[in-house]
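This report refers to the structure that appears directly beneath it.
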Amino acid sequence: HERNAMRSFRCDRIAWFLEPDGEAIRPDAFFRDILDIDLATLPVTETQAPRTDRPTPSAALDTARKLREKLRPALSLLLAAARSDDELHPEELEVIYCYAEDAAMALADAGQLPDFPTVEVFDHLNRSIAKMRPQAHTMISHLKKVLNMPQAEYQPFAAALQAVIDADGHVALGEELFLADLAQLRARVLAQ
């Protein structure tokens, strides 16, 4: 990808596909959902292991995926801020987990989820958050969505962003400027 060159891979040896927004997708799901190819129907060669059917995702995993999609813009910005120094500190990740759990509870309170999230849902959600790798070209759309959040949703995000920046114990000038720029952009959005 980085060299813009063609490469060939055996599909049974591909571990993951990374989406531009950083989501990791299993190869069978990628081929089925993106390329419309069912790997199970391809002939098995001698070097391939026989394919086994994968169980359908649990209700908790399905709920966690839906939550991640609802929270993706805010999570992407928080993760980008956390990774801005090229290192994701455990303290930063913990702040992001807490934000996601609080936001999930707020969604449940507002009736936007069928049930209140369980510990199992939060476990799945936190594991998927840790795997997210926000990409630069998706950040503009995420930023627009976050800046247009209602105040009741934006305020916890802004607090979490500040906590992420403070979490590693070192606030860089770039982080301070980012917070100032974000506040200025938010003020412009509200003024419109």
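The values are calculated or read from the model by the stated rules, or taken from the named source; none is laboratory data. Predicted, not measured: the structure shown is a model, and the values here were computed from it. Cβ sites come from the backbone with ideal geometry, for glycine too, and all protein chains shown count toward neighbours. All accessible areas refer to the heavy atoms of the entire protein, side chains included, with ligands and DNA or RNA removed. Shrake-Rupley method; radii C 1.70, N 1.55, O 1.52, S 1.80 Å.
Observations
- Neighbours by Cβ (under 7 Å, 6+ apart or cross-chain): first from region 150-167, closer than 14 Å to Y97 by Cβ; second among the charged types (D, E, K, R) and open to solvent by less than 40 Å² (accessible area, probe 1.4 Å): V164/E92; A167/E92
- Qualifying residue in region 93-101 (condition: free of Cβ contacts under 8 Å to residues at least 24 places away in the same chain and at negative phi): no
- Region 122-144, residues that are outside any loop (DSSP other than H, G, I, E, B), closer than 25 Å to L61 by Cα and of a type outside the set (S, T, Y): F122, D123, H124, L125, N126, R127, I129, A130, K131, H142
- Residue within region 106-113 that is touching a residue at least 60 places away in the same chain (Cβ under 8 Å) and among the aliphatic types (A, V, I, L, M) present: no
- Scan of region 2-18 for residues that are open to solvent by 100 Å² or more (accessible area, probe 1.4 Å), more than 23 Å from T41 (Cα to Cα) and not basic (K, R), ordered by number: E2, N4, M6, L18
- Residue count for region 77-90 under the criterion of being under 13 Å from A158 (Cα atoms) and of a type outside the set (A, V, I, L, M): the result is 0.
- Pairs are defined by a Cβ separation below 7 Å, a sequence spacing of at least 6 or placement on different chains, a first member in region 171-191 that is modelled with pLDDT of 80 or more, and a second member that is open to solvent by 80 Å² or more (accessible area, probe 1.4 Å); the pairs so defined are V189/N148.
- Qualifying position, being acidic (D, E) and in contact with a Ser or Thr (Cβ under 8 Å, 6 or more places away or on another chain), among D181, D168, D115: D115
Matching residues to (1) open to solvent by less than 90 Å² (accessible area, probe 1.4 Å); (2) small (G, A, S):
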position: L88; (1), (2): yes, no
position: E94; (1), (2): no, no
position: C98; (1), (2): yes, no
position: K131; (1), (2): no, no
position: T138; (1), (2): yes, no
position: N148; (1), (2): no, no
position: A152; (1), (2): yes, yes
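- Number of the condition not met by Q112 [criteria: (1) over 14 Å from the mean Cα position of the chain (by Cα); (2) open to solvent by 50 Å² or more (accessible area, probe 1.4 Å); (3) modelled with pLDDT of 90 or more; (4) within 19 Å of A60 (Cβ to Cβ)]: (3)
- When V164, V189 are checked against the criterion of being open to solvent by less than 90 Å² (accessible area, probe 1.4 Å), under 17 Å from the mean Cα position of the chain (by Cα) and over 26 Å from D62 (Cα atoms), a single residue qualifies: V164.
- Within this structure, D21 passes the test of being open to solvent by less than 60 Å² (accessible area, probe 1.4 Å), in contact with a helix residue (DSSP H, G or I) (Cβ under 7 Å, 6 or more places away or on another chain) and not in a helix (DSSP H, G or I).
- Residues of region 34-91 satisfying the condition of being more than 25 Å from the chain's Cα centre (by Cα), at pLDDT 75 or above and assigned to a loop (DSSP other than H, G, I, E, B): I37, D38
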